[in-house]
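Heads up: the structure comes next, in structure tokens.
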Amino acid sequence: MSLQVFVLLSVTGLGLAGVYFLIASGLSLIFGLMDVLNLAHGLFFTVGGYATWWVMTRFQWIESLGLRFLVAFLIATVLGLAVGWATERFFVRRFYGDHVTQILITLGISLAGVALVGGWFSYDPQTFPVPEFMRQVAVIAGARIPVSRLLILAISVVLLVGLLAVLRRTRHGLIIRAGVENRQMVQAMGIDVAKSFTLVFAVGGGLAAIGGILGGVFFAGVTPEFGLNMLIFAFIVVVIGGLGSVEGTALSAVIVGLTQQFVNFFAGAGVGDLTVVVLLAVTLLLRPQGLLGEVAR
Amino acid sequence: MPADHARTAAATHGPDRSIGGAPILEVRDLDVHRGEAHILHGVSFDVAPNRVTALLGRNGVGKTTTLLSLLALLPSTGEVVFDGDPLSGVPTHLRVQRGIAYVPEDREVFSQLTVEENLRLAMSWEGASERLGLVHEVFPELKRRESQKAGSLSGGQQQMLSLGRALLHPAKLLLIDEPTKGLAPIVITEVVDALQQATTDATVLLVEQNLRVAEELATDAIVLDEGVVAWSGTMDDLVADDERTRGLLGVGRATRGGAEGQR
């Protein structure tokens, strides 16, 4: 393998890892803190992608594509936060502790979301223009790397660092980390953990929506099933990384993203996806709590 | 034993109790199921202020269940009045905010957080900064190991952290569940000494399997048997009658050096 191919596959794999991380980190925190398997999480991703497509194709009065993309980014993120908040506030909150109902409700939201987006905007893939600078290529070690991939990677790293800073340095972060470990004990210290539930859902929604924006750029378009398809890999990333661990999710996203890219390139398209499932099985056999997860109490 | 007996026993407790004033906690007909098992069958007792009350009984009799239901960590029926206010329908975090602090069985420190972070979670209480100084005085080890992850502490150190965390709370009632469980005899001595220091003038409901520890810390005792209060009175009265103690707890004064009474 030439160095150029190695660099290109690595950067592409890491870009994909960034998208996985953004959707999986919220999923992991939601499951770790609230024991909620949020099957609606893919919808937050789709919302981000479609909001970007909508703004990029309809807001033509903003002539600069760069500025338009910035506006799209902000609107998509806010929409993701709002949909995440609303999902917890109006649906999930009533059913804490009731796993079957949670799964049915969030699956219902997820499928309804696909139908709603498909019915409204059609089931065809939608593409959107991206700013000129994203279409350029950078030459790294002889490899021609699309700038968009580097941008995806940079935004993901910034958000990872930001998320870790919030978790480590703020009181909300402290409560979330403690709650992931032992929710009952947090309540027994006089802290209303339910407030953190809403916050985590909203932030998870915002992060997944940013994942959707970047996913739309990475895959050069969006479809109504976009989020649902990503959700499968996001779950794999969460389980391999360890439920509730943001660091584990980041590490696992990198492993899954790189594995998929390299194996797909060398062994043929589709084999990478299969390899990831095998990785999941091996992790569950050898380290069921995930790479950086805690053994369940 | 019927609830009436317990109520009478608590009411006729002697001069000390009347000095303490009205009970801080009144529990009436507490009934708890855990899954299929019916654990508490109408438990009634009072806890007097500024005294340490030991909740005793054989293994599996429902002592921890009692504490968990007082905190609404388990669903229960019956009436609990704390500091004059009924707690029915009040969720866990609000019960704690009203003045009940909790030291759980098995410590339950947040193992992934540092010692300092574990304590910081409890620092939102009024006056917590001053009390942190006292906690560091009673448990200097916690200051020394501030940046260490709680999961890497020894059992005794984790117990100190769990106690320290609860002592930051300006609590009117401290629920402490088996503070010496699983600790080496020398560590038990250390924890008991610290508890004696920390609980002076505090109101404590203490679950303790080790009768000698309970005797050292508590002035009052409530004994549970088969899901009801079987006996209540002063600790001195309880241990004065060796046969009764043996009947209620399975250990007597003479045999306390054994498995149940190690110290």
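The values are calculated or read from the model by the stated rules, or taken from the named source; none is laboratory data. If you're wondering where the values come from, they're calculated on a predicted model, not measured in any experiment. Cβ atoms come from the backbone with ideal geometry, glycine included; neighbour counts cover every protein chain shown.
Would you check if B:GLU108 is more than 10 Å from chain A (Cβ to nearest Cβ) and not in a helix (DSSP H, G or I)? Walk me through how you get there before you give the answer.
Details: more than 10 Å from chain A (Cβ to nearest Cβ): no; not in a helix (DSSP H, G or I): yes.
The answer is no for B:GLU108.
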- Task: Among the residues of region A:210-225, write down those that are crowded, with 24+ Cβ neighbours inside 10 Å and in contact with a Pro (Cβ under 9 Å, 6 or more places away or on another chain).
- Result: A:VAL222
- Would you point out which residue out of A:PHE90, A:PHE128 is outside any helix (DSSP H, G or I), within 24 Å of A:GLY227 (Cα to Cα) and more than 18 Å from the chain's Cα centre (by Cα)? A:PHE128
- Note on the structure: Among A:VAL161, A:VAL139, A:VAL237, the single one that is surrounded by fewer than 23 Cβ atoms within 10 Å (Cβ to Cβ), farther than 23 Å from A:PRO125 by Cβ and modelled with pLDDT of 95 or more is A:VAL161
- The residue that is farthest from the chain's Cα centre (by Cα), considering only those in region A:58-70 that are of a type in the set (A, V, I, L, M) and surrounded by fewer than 15 Cβ atoms within 10 Å (Cβ to Cβ), is A:LEU67
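Considering region B:140-152 alone, what residues qualify as being in contact with a strand residue (DSSP E or B) (Cβ under 9 Å, 6 or more places away or on another chain) and within 14 Å of another protein chain (Cβ to nearest Cβ)? Walk me through it before giving the result.
Filtering region B:140-152 down to residues in contact with a strand residue (DSSP E or B) (Cβ under 9 Å, 6 or more places away or on another chain) leaves B:145-150.
B:SER147, B:LYS149, B:ALA150 - these are the residues of region B:140-152 that are in contact with a strand residue (DSSP E or B) (Cβ under 9 Å, 6 or more places away or on another chain) and within 14 Å of another protein chain (Cβ to nearest Cβ).
Checking the condition surrounded by fewer than 24 Cβ atoms within 10 Å (Cβ to Cβ) and within 11 Å of A:PHE21 (Cβ to Cβ), which residue from A:VAL271, A:VAL254 passes?
Details: A:VAL271 fails: within 11 Å of A:PHE21 (Cβ to Cβ).
Checking each option against the conditions leaves just A:VAL254.
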- Note on the structure: When B:SER44 is run through (1) part of a strand (DSSP E or B); (2) within 14 Å of chain A (Cβ to nearest Cβ); (3) among the polar types (S, T, N, Q), the failure sits at (2)
- Taking the condition more than 26 Å from A:VAL11 (Cα to Cα) and buried (at least 22 other Cβ atoms within 10 Å of the Cβ), does A:ILE152 pass? no
- Return only the number of the condition from (1) away from every other protein chain (no Cβ under 14 Å); (2) in contact (Cβ under 8 Å) with a residue 24 or more places away in the chain; (3) part of a helix (DSSP H, G or I); (4) over 30 Å from B:VAL61 (Cβ atoms) that B:GLU137 does not satisfy. (2)
- From the residues in region B:153-172 that are within 13 Å of chain A (Cβ to nearest Cβ), small (Gly, Ala, Ser) and not in a loop (DSSP other than H, G, I, E, B), which one is farthest from B:GLU130 (Cα to Cα)? B:SER162
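Could you please find all residues in region B:65-80 being in a loop (DSSP other than H, G, I, E, B) and surrounded by fewer than 17 Cβ atoms within 10 Å (Cβ to Cβ)? Walk me through how you get there before you give the answer.
Let us first name the residues in region B:65-80 that are in a loop (DSSP other than H, G, I, E, B), namely B:71-76.
Correct list: B:PRO75 only.
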- Message: With the requirement that a residue be farther than 24 Å from B:PRO179 by Cα and buried (at least 20 other Cβ atoms within 10 Å of the Cβ), what does region B:81-135 give you?
- Response: B:LEU87
- Message: Given the criteria touching a residue at least 40 places away in the same chain (Cβ under 8 Å), within 14 Å of chain B (Cβ to nearest Cβ) and not in a helix (DSSP H, G or I), does A:GLY248 qualify?
- Response: no
- Write out, first by first residue and then by second, each pair whose Cβ atoms fall under 6 Å of each other, whose residues are 6+ apart or on separate chains, and whose first residue, in region A:215-228, is part of a loop (DSSP other than H, G, I, E, B) while the second is aromatic (Phe, Trp, Tyr). A:PRO224/A:TYR123
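Here is a check on your reading of the model: is A:ALA82 surrounded by 15 or more Cβ atoms within 10 Å (Cβ to Cβ), part of a helix (DSSP H, G or I) and touching a helix residue (DSSP H, G or I) at 6+ places or on another chain (Cβ under 7 Å)?
Values: surrounded by 15 or more Cβ atoms within 10 Å (Cβ to Cβ): yes; part of a helix (DSSP H, G or I): yes; touching a helix residue (DSSP H, G or I) at 6+ places or on another chain (Cβ under 7 Å): no.
Answer is no for this residue.
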- Confirm whether B:VAL96 is closer than 24 Å to A:GLY190 by Cα, over 12 Å from the mean Cα position of the chain (by Cα) and part of a strand (DSSP E or B). no
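For (1) at positive phi; (2) in contact with a helix residue (DSSP H, G or I) (Cβ under 7 Å, 6 or more places away or on another chain); (3) among the polar types (S, T, N, Q), each residue gets a yes or a no:
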{"residue": "B:LEU30", "(1), (2), (3)": "no, yes, no"}
{"residue": "B:HIS33", "(1), (2), (3)": "no, no, no"}
{"residue": "B:ASN50", "(1), (2), (3)": "yes, yes, yes"}
{"residue": "B:LEU67", "(1), (2), (3)": "no, no, no"}
{"residue": "B:THR77", "(1), (2), (3)": "no, no, yes"}
{"residue": "B:GLU105", "(1), (2), (3)": "no, yes, no"}
{"residue": "B:LEU113", "(1), (2), (3)": "no, yes, no"}
{"residue": "B:GLU117", "(1), (2), (3)": "no, yes, no"}
{"residue": "B:PRO140", "(1), (2), (3)": "no, no, no"}
- Message: So, in region A:165-219, how many residues would count as being more than 14 Å from chain B (Cβ to nearest Cβ) and small (Gly, Ala, Ser)?
- Response: 11
